[in-house]
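The values are calculated or read from the model by the stated rules, or taken from the named source; none is laboratory data. The shown structure was predicted, so the numbers you read here are calculated from the model rather than taken from an experiment. Backbone-built Cβ (ideal geometry, glycine too); neighbour counts: all protein chains shown. When the accessible area is computed, the model is the full protein with side chains, heavy atoms only, and any ligands, DNA or RNA have been set aside. Shrake-Rupley method; radii C 1.70, N 1.55, O 1.52, S 1.80 Å.
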Amino acid sequence: MVEGLLGSVWNGVPRGVCLECGCGSGVGSLVLRRLGFSPLSFDNDPSLLSLGLSTGRLLPEETMCIDASIADRYVGRAPLGLGLMFGEINPFNREIWEKITRVLVSLTDRTVITTGTEIEARMVMDWMGHSAEVFENPADLLYDRWVCSRRA
């Protein structure tokens with residue numbers, strides 16, 4: 001499902017480095033490589049990163065264990081950014097997700113972020129800025145149901 005989504009959203013986009021924010025166990029990184037992109041993946045959960053490294057979805061030379069809200073201290077600009085399954089976004093963690101989103105957008109020219117609910121997607125769209133759009137992804141009814149896409 002992720003491969004189909006990225007294939008359609010980034011159809012015709014030149015292949016290059018893609019920052020995968022909140023990569024978890026690396027499903028997105030695996031898909032990015034299959035599509036010809038070069039992922040630079042990061043998450044702050046060592047157990048998920050360990051799972052991704054042990055299964056080969058994440059590669060050591062492409063993976064960092066860092067806090068995504070301060071990713072700009074560790075990585076430079078990249079043409080593309082990806083955040084799969086952002087959320088659950090609620091009043092208690094809203095500020096954290098806003099910071100993560102703004103940092104990812106500041107580092108990338110084109111950004112795709114997915115959420116589970118339309119309410120979350122509308123918040124993310126606001127944080128991404130004026131050139132962002134939201135659409136429903138009928139192929140995934142749970143995690144990546146709503147897509148926020150932005151280009152600089």
For the stretch 10-75, the per residue accessible area (1.4 Å probe, Å²) is 47
Counting only protein heavy atoms with a 1.4 Å probe and every protein chain in place, the carbon and sulfur fraction of the accessible surface of the stretch 1-50 in whole percent equals 55
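Rounded to the nearest 20 debye, what is the charge dipole size of the chain about its Cα centre when +1 sits on each Lys and Arg Cβ and -1 on each Asp and Glu Cβ?
Values: 14 positive and 19 negative charges, 87 e Å.
For this selection, approximately 420 debye.
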Which Cα, out of Phe42, Trp146, Val17, lies furthest along the positive dipole direction of the chain (beta carbon charges, K/R +1, D/E -1)?
Val17
Quick check on the stretch 88-137: take the gyration tensor over C-alpha atoms, sort the square-rooted eigenvalues as a ≥ b ≥ c, and tell me if it's rounded (a/c under 1.5), prolate or oblate.
oblate
In Å, the Kirkwood hydrodynamic radius from C-alpha pairs for the stretch 1-49 sits at 11.1
Relative contact order, percent, of the stretch 20-59 when contacts are C-alpha pairs under 8 Å separated by at least 6 residues?
50
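Could you tell me what percent of the DSSP beta bridges with both partners in the chain are antiparallel, to the nearest 5?
Once the DSSP bridges in the chain are tallied, antiparallel ones form about 40 percent.
Helix-only estimate, please: 222 nm mean residue ellipticity of the chain, summing -39500 (n - 2.57) across DSSP H runs of length 4 or more and dividing by its residues, to the nearest 500. Could the numbers behind the result be given before it?
Working: 5 runs with 51 residues, N = 152.
Value at 222 nm, helices only: -10000 deg cm²/dmol.
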For the chain, what does the alpha-carbon gyration tensor say about shape, rounded, prolate or oblate, given a ≥ b ≥ c as the root eigenvalues, a/c under 1.5 as rounded, and a/b over b/c as prolate?
rounded
